[in-house]
Amino acid sequence: MADFNDPIGADAAWWRNAVVYQVYVRSFADSDGDGIGDLPGITSRLPYLRDLGVDALWITPFYTSPQRDHGYDVADYTDVDPLFGTLKDADTLIETAHELDLRVIVDLVPNHTSDDHEWFKAALAAAPGSPERARYMFREGSGPDGSLPPNNWESVFGGPAWTRVPDGQWYLHLFDSTQPDLDWRNPEVGDMFEDVLRFWLDKGVDGFRVDVAHGLYKEESLRDQVVAEGGRASSGQVNSDSSMVSRELKDEPMWDQPEVHDVYRRWNAVLDSVGPDRMAVAEAWTQTPESMAAFVRPDELDQAFNFAWLLADWSADSFRKVVVDTLAAVAPVGASPTWVLSNHDVVRHPTRYGGGEQGLARARAATLAMLALPGSSYLYQGEELGLEQVDVHPEHREDPSWFRTGEVGRDGCRVPIPWGGDSAPYGFGPGDAQPWIPQPDEFKGLSVEAQAGVEGSTLEFYRAALAARRAHALPQGDEVTVLTGTDDVLELHRGGLRVLLNCGTTDLPLPAGTVVASSAPVADVLPPDTCVWLG
Ligand code: GLC
């Protein structure tokens, strides 16, 4: 294991201040020309990540999978899908990352397996009531002849959350029908995942991103969900509404059950048994900052993605409220806060902020404000290039939600990364091999090669911002004061660092101080859609 020389020091809890870069494996770098990114592709680009200045990478699932949900449908948790490489390639990736002082977080998908998993195949082959079926959520249907689903729950990807099998039983899938939910009340399930954790820890990974961490347990009665008029039966997930911000709570018997915390207490012990420097971060679309904080109590997981930051609209008030609520929620449990603006499930943030020049200006400004905050920031591949959401042609869409509902889905934030060159695949793979989603022509001017060394480019902005974070934000400690009374401006002070984000429409006089970072050039005034750090 490398001798890490990180800014956090000796306490081994490296993640508390880390910047983590999310790699969506099939869209990052393709080493073999099949149009799909892979592990050797990631390894070849690790020096780029080190030079960008991040501390760790989180890699989305690369395990054996029929790819119905691009790897979030796992058929074998302890092997690598041939599309992405081999176990040896995973070893090489982890080793090379460590040599470069980069930590590696892998994705763990415990709520459901693929329908190609041995367990589910055995369950289908076995009779109702068998131990094989008891690993999943098989139930009799409702209605006089059982021909209706057992309850009214809907899949996050649209349509009923239940599918009927030929002998008449139904199984639960909160996502696609190819992603059957496991029954976490069955002890075999917990034992299996402990083995999976240990397998990857033995390989040297530094942490886990826990997929759908607020799932796993369902209210035991499997009662109907109480649905508000005009509401959806089941949400709490992808493209979720802003209940985390608005606090209008929904009835969610399928999410965030108290028993799930026992799982994380067990995992905490597993991670600790390997060392204090192993971590887990929860993807938990919980409804309030307080329920998010429950996942990061000292004997549970270490961090949880703070989706409230991502869901906040472009206003100083919204950002202020999220910062204040987040810091207040994690303080009592002693966890470090996290911040995130984009990932593989949501519309890229420049597009969310209106797109074009203004969208990008706002995205850079929100990013710089985020990087000033105590705790960790999670970046999503391509945001350092200012990539926008792409309008993917229907014929190239692969998101299961598109197939289930006809809604556009998430492919538009998953378009393969442009690395360089004048035409597609823009260095994504060797030669002319075209990527699994075609890249738009605009990618030419946005590639790493096109932006590297170019003053004012988004890539150089990210590099400078990450360096400024190390030099000017981290040394200030974790205390933050959020100022009130400045309607259009989010102003916060972290030690001697003063951060201003102008969400309004007019220039503001720039207070005295040395500009140590800015999202756009500033002189005497702070223009709208701009963030500045004053030292
Ligand atoms: C998580 C993943 C998402 C996936 C879903 C089902 O939300 O981020 O991409 O579709 O879980 O596993």
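The values are calculated or read from the model by the stated rules, or taken from the named source; none is laboratory data. Only a predicted model underlies this, so the values are computations on that prediction, with no experimental measurement involved. When we count neighbours, we look across all protein chains shown, and the Cβ atoms used for this are built from the backbone with ideal geometry, even at glycine. Note: accessible area is taken over every heavy atom of the protein model, side chains too, but ligands, DNA and RNA are not part of it. Shrake-Rupley method; radii C 1.70, N 1.55, O 1.52, S 1.80 Å.
Under the rule a/c < 1.5 gives rounded, and otherwise a/b versus b/c splits prolate from oblate, where does the stretch 397-467 land using the Cα gyration tensor? In terms of gyration-tensor shape, oblate. Computed from phi, the 3J(HN,Hα) profile of the stretch 19-30 under the Karplus parametrisation 6.51, -1.76, 1.60 (θ = phi - 60°) reads 9, 10, 9, 7, 9, 8, 3, 6, 10, 9, 7, 9 Hz, with x in place of Gly and Pro. Near Pro131: Cβ cut-off under 15 Å, other residues only, Lys/Arg at +1 and Asp/Glu at -1. The net charge is -1. For the chain, the Kirkwood estimate of the hydrodynamic radius, built from every pair of different alpha carbons, is 23.9 Å. Compared with the rule-of-thumb size 2.2 N^0.38 Å for a compact globular protein, the stretch 1-117 has a Cα radius of gyration ratio of 1.09. Taken about its Cα centre, the stretch 479-534 carries a charge dipole of roughly 220 debye when the Cβ of each Lys and Arg holds +1 and the Cβ of each Asp and Glu holds -1. Partner lysines whose Cα lies under 24 Å from the Cα of Lys121, excluding those fewer than 8 positions away in the same chain, are identified as Lys218. Of all lysines in the structure, those lying under 16 Å Cα to Cα from Lys203, and not within fewer than 8 positions of it along the same chain, are Lys88. Mind running the shape call on the stretch 479-534? Use the C-alpha gyration tensor, a ≥ b ≥ c as the square roots of the eigenvalues: rounded below 1.5 for a/c, prolate if a/b tops b/c, oblate otherwise. Note, shape of the stretch 479-534 comes out oblate.
Per atom type, the stretch 479-534 shows carbon and sulfur on 53% of its accessible surface, probed at 1.4 Å. About its Cα centre, the chain has a charge dipole of approximately 860 debye under the convention of +1 per Lys or Arg Cβ and -1 per Asp or Glu Cβ, with nothing else charged. Straightening the chain between Glu259 and Lys88 buys 57.9 nm, computed as 0.36 nm per residue apart minus the Cα-Cα spacing.
Centroid-to-centroid, using Cα positions, the stretch 117-166 and the stretch 491-527 are 56 Å apart. Across the options Ser518, Thr484, Thr505, the greatest Cα extent toward the positive end of the charge dipole of the stretch 479-534 (unit charges at beta carbon of Lys, Arg, Asp, Glu) belongs to Ser518.
Selection among Gly334, Pro435, Ala161 by position relative to the dipole of the chain gives Gly334 as farthest towards the positive end (Cβ unit charges, Cα centre). Each DSSP beta bridge with both residues in the chain is either parallel or antiparallel, and the antiparallel ones are about 55%. Each of Glu220 and Ala467 was given a label point 7 Å from its Cα along the Cα-to-Cβ line. The distance between the two points is 5.9 nm.
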